[in-house]
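Rule-based calculations on the coordinates, nothing more; no lab input. In this text the structure is predicted, and so the values were computed from the model without any measurement. Counting neighbours? That spans all protein chains shown, and the Cβs are built from the backbone with ideal geometry, glycine included.
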Amino acid sequence: MVMANSMMYRARISPILWSSAVAHANYLRNRLPSRSRIGHTPNELFTNKLLRYDNFRVWGCYCYKLIPNLNKVPGLPVRKRLIYVGDSAEQIGFKCFDPIEYKFTTEFELIFDEDEIDQREELLAPQALQTG
């Protein structure tokens, strides 16, 4: 829970994505070294494969999906901005949250902007924390 809170605070994300933060924190915990099995991670022991750390992404960062060429109009954006919330357990790809449509999707080819998280203000208004 502490890891999920830290990720949400760092990403400046609304409590709407709490469950995704907990799921991703669990995903990371299974890929971190364990005290009981020195030098190995639980995932390595389960799969008998070495883990690649180069494909980890910053939770809560912006990612951009290419909009298909259908109905392309000059002047409209070419990419759609989503929020990375973890790896998909059901299929190959990245689990993303669309802040405009308020729904989760699984995407495969994305461009990640992990540095923008430092400059970002709150993306979603935390409705649970707003005072009237």
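Considering the dipole of the chain built from charges on the beta carbon (Lys and Arg +1, Asp and Glu -1) around the Cα centre, which of T105, N5, P42 is farthest to its positive end?
Value computed over the given set: P42.
Return the calculated 222 nm mean residue ellipticity for the chain, to the nearest 500 deg cm²/dmol, obtained by summing -39500 (n - 2.57) across DSSP H runs with n ≥ 4 and dividing by the residue count.
Helix contribution divided over all residues of the chain: -6000 deg cm²/dmol.
Rank D54, D98, D113 by mean-square fluctuation in a GNM of the chain with C-alpha springs under 10 angstrom and give only the top-ranked residue.
So, out of D54, D98, D113, the one fluctuating most is D54.
Assuming a ≥ b ≥ c are the square roots of the Cα gyration tensor eigenvalues, decide whether the stretch 2-118 counts as rounded (a/c under 1.5), prolate (otherwise, with a/b larger than b/c) or oblate.
prolate
Sort the following peptides by mean Cβ neighbour count (other Cβ atoms within 10 Å, averaged over residues), highest first: 59-67, 71-79.
With the highest mean Cβ count within 10 Å placed first, the list reads 59-67, 71-79.
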